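The values are calculated or read from the model by the stated rules, or taken from the named source; none is laboratory data. Keep in mind the model is a prediction, meaning the values are calculated, not measured. Ideal geometry is used to build each Cβ from the backbone, glycine not excepted, and the neighbour counts take in all protein chains shown. Each accessible area value is taken on the protein alone, full model and side chains, heavy atoms only, with ligands, DNA and RNA left out. Shrake-Rupley method; radii C 1.70, N 1.55, O 1.52, S 1.80 Å.
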Amino acid sequence: MLVRYRYRVDPTAGQRQALARAFGCARVVYNDALGARQAAHAAGERLSDTEVQRRVVTLAKRTPERAWLGEVASVVLVQACQDAHRAYRSWFDSLAGKRRGRRVGRPRFRSKHGRQSIRLTRNGFALHGSRLYVAKVGNLRVRWSRELPSPPSSVTVIREPDGRYYASFVVERAPTPLPPVAQTAGIDLGLAVFVFATVATSDGSTEQVTNPHHLRIAERRLVKAQRILARKRKGSTNSAKARHRVAAVHRRVRDRRADHHHKLALRLVRENQAVAVEDLAVAGLARTRLGKSVHDAGWAMFVRLLEEKAGRHGRRVVKIGRWVPTSQTCSACGHRDGPKPLHVRVWTCPGCGTTHDRDGNAARNILNILVAAGPAETRNACGADVRPPAMAAVGDEAGTHRGAA
Ligand SMILES: [Zn+2]
């Protein structure tokens, strides 16, 4: 399986300059490639990837306005062009309903102010001892925090908006299966700032996973820093300072969140043979009505980590389409009660008299769907979709039904 390994990099002043040039060229080629695609699309013209690349790299280098593209390694330009193709195709496939999962937005032009990156394949980089050689940049000093499991097939050199540099390697890693266990779990991802998720396991217990205190504080700081940035005049020195501050706080939030997600995902994968989660592509739609949540990005990342770890350790992650009203159905007897406003945290089922915690009940319903799907489903390929059993498949939650696209 292919995984990413990321390390801090400390470029010298000269290397920073060379990287800045490469980032700039990659950004221009990426934007030119997107522009060419959009213009062709508007004109009803079909352009092949090769033709786009010929126009925005090969031909562009010969023009006075783009002659400086020749100063950087051509692998960087070719990869930037391919990234643009991929972004454009994902968007197109998503529009056409050919792509699974979360809807992909129209690819955006890259900005000078955001994260900068270049991607290099084998012909653009090499490992020289402890140094990372990057074509036309030189030998970069890398902080090897852990060993690479195998020789990398590609590397992305990144400059984050807070000014830090990273090298992200793509490597092949052998799976390490864990001995099988009998327990399975259902996860309901939380809506509140406090609760990250509720986990119901097949042994009958329910656990609420809270967002760690330090993460919530960092998130609050991020919101504050963003508010300050919004008040500054664009282009001013103060605005640049505020942007830098937002980037630094953002990194802290991201790191802390990632750390929390990694630990939780690993624990769930160790303890359970199969884990069921809502399909975010479906759940996301239901949640937009409730206001944009700061956790949207967090959930997507958590589910990705869960799938990655499950794949590595021989466990299963099963995505459940959320056209079952999991918070309205009694997880004990299947009685379908009416819709419940968000502030209703606890309710008693009129069918069987069980008193439910809203989130715990939702998590248990997700687990019930997994269990009802039978043991075959838990052995299915990782990330398989499971349709809810007929008895619960009412599917009338407005706006949440997207079919199995
Ligand atoms: Zn009931």
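So, Gly105, is that one within 18 Å of Tyr165 (Cα to Cα), touching a residue at least 12 places away in the same chain (Cβ under 8 Å) and not hydrophobic (A, V, I, L, M, F, W, C) or not? No. Taking the range 206-249 as the range and being surrounded by 18 or more Cβ atoms within 10 Å (Cβ to Cβ) and at pLDDT below 85 as the test, the residues that pass are Asn211, Leu215, Ala218, Glu219. State all residues of the range 342-373 that are of a type in the set (Gly, Ala, Ser) and at pLDDT below 85; if no residue qualifies, say none. Within the range 342-373, Ala372, Ala373 meet the criteria.
Screening Arg287 with (1) within 16 Å of the ligand (Cβ to nearest atom); (2) modelled with pLDDT under 75 gives one miss only, at (1). Taking every residue in the range 223-247 that is on the phi < 0 side of the Ramachandran plot and pairing it with any residue that is surrounded by 15 or more Cβ atoms within 10 Å (Cβ to Cβ) and not in a helix (DSSP H, G or I), at least 6 positions away or on another chain, the pairs with Cβ-Cβ distances below 7 Å are Asn238/Lys232; Ser239/Lys232; Ala242/Lys232; His244/Asp162; Ala247/Glu160; Ala247/Pro161; Ala247/Asp162. Filtering the range 142-173 to residues that are loosely packed, with under 15 Cβ neighbours inside 10 Å and either acidic (Asp, Glu) or not in a loop (DSSP other than H, G, I, E, B) (or both) leaves Arg143, Glu147, Glu172.
So how many residues does the range 69-100 have that are touching a residue at least 40 places away in the same chain (Cβ under 8 Å), under 25 Å from Val157 (Cα atoms) and not aliphatic (A, V, I, L, M)?
Total satisfying the criteria: 6.
Of all residues in the range 95-151, those being of a type in the set (Gly, Ala, Ser), closer than 30 Å to Pro175 by Cβ and within 21 Å of the chain's Cα centre (by Cα) number 2.
Could you check how many residues of the range 327-353 are touching a Lys or Arg at 6+ places or on another chain (Cβ under 9 Å), away from the ligand (no atom under 11 Å from the Cβ) and outside any strand (DSSP E or B)? Counting residues in the range 327-353 that are touching a Lys or Arg at 6+ places or on another chain (Cβ under 9 Å), away from the ligand (no atom under 11 Å from the Cβ) and outside any strand (DSSP E or B) gives 6.
For Pro179, the conditions (1) without any contact (Cβ under 8 Å) to a residue 12 or more places away in the chain; (2) not in a loop (DSSP other than H, G, I, E, B) all hold with the exception of (2).
For the range 111-140, residues that are in a strand (DSSP E or B) and open to solvent by less than 60 Å² (accessible area, probe 1.4 Å) total 12.
Taking the criterion of being more than 10 Å from the ligand (Cβ to nearest atom) and open to solvent by less than 30 Å² (accessible area, probe 1.4 Å), the residues of the range 359-370 that qualify are Asp359, Gly360, Ala362, Ala363, Asn365, Ile366, Leu367, Ile369, Leu370. The number of residues in the range 265-280 that are open to solvent by 10 Å² or more (accessible area, probe 1.4 Å), touching a residue at least 60 places away in the same chain (Cβ under 8 Å) and over 16 Å from the mean Cα position of the chain (by Cα) comes to 3.
Within this structure, Arg312 passes the test of being more than 15 Å from Ala185 (Cβ to Cβ), away from the ligand (no atom under 16 Å from the Cβ) and among the basic types (Lys, Arg). Working carefully through the options Arg37, Arg27, Arg89, Arg108, find the one that is assigned to a helix (DSSP H, G or I), modelled with pLDDT of 90 or more and surrounded by fewer than 20 Cβ atoms within 10 Å (Cβ to Cβ). Answer to the check: Arg27.
Quick check: anything in the range 184-202 out of contact with any strand residue (DSSP E or B) (no Cβ under 8 Å at 6 or more places or on another chain) and modelled with pLDDT of 85 or more?
Going residue by residue through the range 184-202, those that are out of contact with any strand residue (DSSP E or B) (no Cβ under 8 Å at 6 or more places or on another chain) are 191-193.
Applying the additional criterion that residues be modelled with pLDDT of 85 or more yields none.
Among the residues of the range 184-202, not one is out of contact with any strand residue (DSSP E or B) (no Cβ under 8 Å at 6 or more places or on another chain) and modelled with pLDDT of 85 or more, which makes the answer no.
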